[in-house]
Amino acid sequence: MATVSQALGETLLGIDHVGLAVPDLDAAITRWSQTFGLEVSHREINESQGIEEAMLDLADGSRIQLLAPLNSDSTIAKFLDRNGEGIQQLAFRVTDINAAMAAVLSAGMRLIYPESRIGTAGSAINFVHPKDTGGVLVELVQLP
């Protein structure tokens, strides 16, 4: 069985973002802006995932994603109930989401979705099951 790094090869570019679950998006934006001088580069509501999110860019091209629940049934609301505010995911930027998904599967790991979905700002995304990554939810992101 190939390792993910062997199978992913050149499609893995680096860290795209770290997702943080927060109960109040505006309060979190204020905290990260005042503490680190980060500004919101993108904000949207994703009804299908039950979240409102904001992206804050860093100089190296990586980002912080703040994720707040829209309702008590969203994955982020459940995460907050279980774990409280904090890191919810680590996202890797890939050149080809389909190749990255195939690599994960060929390494014997599971994906959350059978096919990629549309994520932030029209990106193609999928997630590696956290039970296969030591409890870390890993997101694969291909920018539009």
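A short reminder: the numbers here are calculations on the coordinates, not readings from a lab. Note that the coordinates shown come from a computational prediction; the quantities given were computed from them, not determined experimentally. Cβ coordinates were reconstructed from backbone atoms using ideal geometry, including for glycine residues, and neighbour counts include every protein chain displayed.
Quick one: length gained pulling residue 117 to residue 131 fully straight, 0.36 nm per residue minus the C-alpha distance? Show your work: numbers first, answer last.
Details: separation 14, 0.36 × 14 = 5.04 nm, distance 2.05 nm.
That works out to 3.0 nm of additional length.
Tell me which residues come under 5 Å, amide H to amide H, from residue 15 once H is placed; ignore anything under 5 positions away on its chain.
Excluding prolines and chain starts, which carry no amide H, the hits are 93.
Tell me, what ³J(HN,Hα) does each residue in region 72-79 have, in order and in whole Hz, if you take phi through Karplus 6.51 cos²θ - 1.76 cosθ + 1.60 with θ = phi - 60° and put x for Gly and Pro?
These are the phi-based 3J(HN,Hα) values: 6, 8, 6, 4, 5, 4, 5, 4 Hz.
What's the extension gain from residue 105 to residue 83 if we count 0.36 nm per residue and subtract their Cα-Cα distance?
5.1 nm
So what are the radius of gyration and Dmax for the Cα set of the chain, in Å?
15.1, 47
With +1 assigned to the C-beta of every Lys and Arg and -1 to the C-beta of every Asp and Glu, and no other charges, what is the dipole magnitude of region 4-142 about the Cα centre in debye, to the nearest 20?
Using Cβ point charges on Lys, Arg, Asp and Glu, region 4-142 gives about 360 debye.
For the chain, modelled as a GNM with alpha-carbon contacts under 10 angstrom, which of 41, 123, 62 fluctuates the most?
41
Under a crude label model (7 Å from the Cα following the beta-carbon direction), how far is residue 47 from residue 62 in nanometres?
The modelled label-to-label distance comes out at 3.5 nm.
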